[in-house]
1. What whole-number value in Å² describes the accessible area per residue of the chain for a 1.4 Å probe?
2. In whole percent, and with a 1.4 Å probe on the protein chains, what portion of the accessible area of the chain is carbon and sulfur?
3. Loop-only check: which chymotrypsin sites (Phe, Trp or Tyr not before Pro) in the range 188-280 are DSSP coil with at most 13 other Cβ within 10 angstrom?
4. Please give, to one decimal in nm, the separation of the simple spin-label points placed at A230 and R34, each 7 Å out from Cα toward the Cβ.
5. DSSP H helices in the chain with Cα extent of 27 Å or more along the helix axis and mean Kyte-Doolittle hydropathy at least -0.5?
6. Count the net charge of all other residues whose Cβ sits under 11 Å from the Cβ of E302, scoring Lys and Arg as +1 and Asp and Glu as -1.
7. Report, in debye and to the nearest 20, how large the dipole of the chain comes out about its Cα centre when Lys and Arg carry +1 and Asp and Glu carry -1 on their Cβ.
8. At 1.4 Å probe size, with no ligands or nucleic acids counted, give the accessible surface of Y295 in Å², nearest ten.
Amino acid sequence: MNIAVVGTGYVGLVSGACFASLGNKVVCVDVDERKIAMLKKGKSPIYEPGLEELVRENIRKKTITFSTDLKSATRKAEVIFIAVGTPPKPNGDADLSYIEDVARTIAREVNGYKVIVEKSTVPVQTGEKIRDTMRLFAPKGAQFDVASNPEFLREGSAVSDFMNPDRVILGVESARAKKVLIELYKPLKSRILVTDIKSAEIIKHASNSFLAMKISFINAIARVCDAAKADVELVSLGMGLDSRIGKSFLSPGIGFGGFCFPKDLAAFIRICEKLGYDFDLLRAVERINEEQKRYFVKRIEEVLWNINQKTIAVLGLAFKPNTDDMRYAPSLDIVAALQAQGARIRAYDPHAMDNAKKLMKNVVFCRDAYEACKGADCAIVVTEWGEFKQLDLKRVKKLLTQPTIVDGRNIYDPKKMKALGFRYASIGRS
Ligand code: UDX
């Protein structure tokens, strides 16, 4: 199939590259000329395992191209995915102006039957708005359908998530659009659920909110475990063994970040409010998440006594491992809170330092974890990168002026840390 994907962020670029490798002809479109120029050279603007290789392979096979020309891409495509940003407005609403712009441009170029698919996370009823905009601006007699196909990929494992989804959700309003999209997704051999457009839109919001709720739930349980001197990792394991609960998304830590959960949660709370439902459960999820970052700083303070004038080695800055994404990373709030109390910060992240440098001030960025720890009073684990789990802890101990680690991701075994002579604190395992 001839496909156009509009927007080359995580969702757009990964979808475009994966559709190309499934045997389609894909053009990825973006208004950002710098990004398109990079992509044409086979360079990915984002760090995502396996993505750059996939882009290069498909450039070689001539199954993927990159362009800033949405009009020409629209004319050539049968299916057009809209994967542009829906950033949050100050009141929590999603800003849908990019989606509207794209829908208008596409509408004017409709020259045969096309399926216009919303892939960005959007408020319920956006599909209707896209359809209305299309009708308003499309030539008379233009043939098209609007559909919703929310994407569930995670950063850090985006390519494999796209290729091996638990399910594909297709929100459609015609048998013709359903046939086209089922055909497109057939090679993935995944369970396909066909719904109406509005239900598909809500599935995305409900899934993200539910996962965020699981994280806040286990973080709240971690607080109880700390107070009761129990072990949250055992509690999480015990809960997860119940197949009705499941073990995933029950890792306690410093709260969720990234560009999806915080933004989508705020947007869904707003959507529900507008629809006349006060989803206060989700407001509690947000509140617990904010508290968790403050709680981590409090743990550091408990261990170090005074934070003022102390040097702290921050291990990990990205909001999760295997990404360079710093958007809504808990590290931003944690470092700011420590600096506000007078701490000096030395930091290291395997991939996110270039992005972090644009967002953090007065931080000494280091070559590796050992350099960050050199002369520091304490090391804190903020992102659970694999390389931190493999650190030579005896060497770390020698480099720190006080053998102190506060672990926001529970990556080390408290007993082993004690045996090594560390003063060690983690989350929900005191
Ligand atoms: C999420 C959804 O998982 C994905 O389906 C959706 O398409 C986009 O949003 P992503 O933000 O890339 O994906 O990462 P995810 O692995 O879900 O982690 C989100 C945040 O939750 C991270 O900050 C992570 O550290 C945190 N988290 C996750 C926990 O604190 N505990 C957990 O058990 C799981």
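The values are calculated or read from the model by the stated rules, or taken from the named source; none is laboratory data. Note that the coordinates shown come from a computational prediction; the quantities given were computed from them, not determined experimentally. FYI the Cβ positions are ideal-geometry reconstructions off the backbone, even for glycines, and counts take in every protein chain you see. Note: areas computed on protein heavy atoms with side chains; ligands, DNA, RNA excluded. Shrake-Rupley method; radii C 1.70, N 1.55, O 1.52, S 1.80 Å.
1. Ligands and nucleic acids excluded, the figure is 46 Å² per residue.
2. 53
3. Y277
4. Each label point is offset 7 Å from its Cα along the Cβ direction, giving 5.1 nm.
5. Result, helices passing both filters: 197-228.
6. Residues near E302 contribute +1 overall.
7. In debye, rounded to 20, the chain gives about 740.
8. 20
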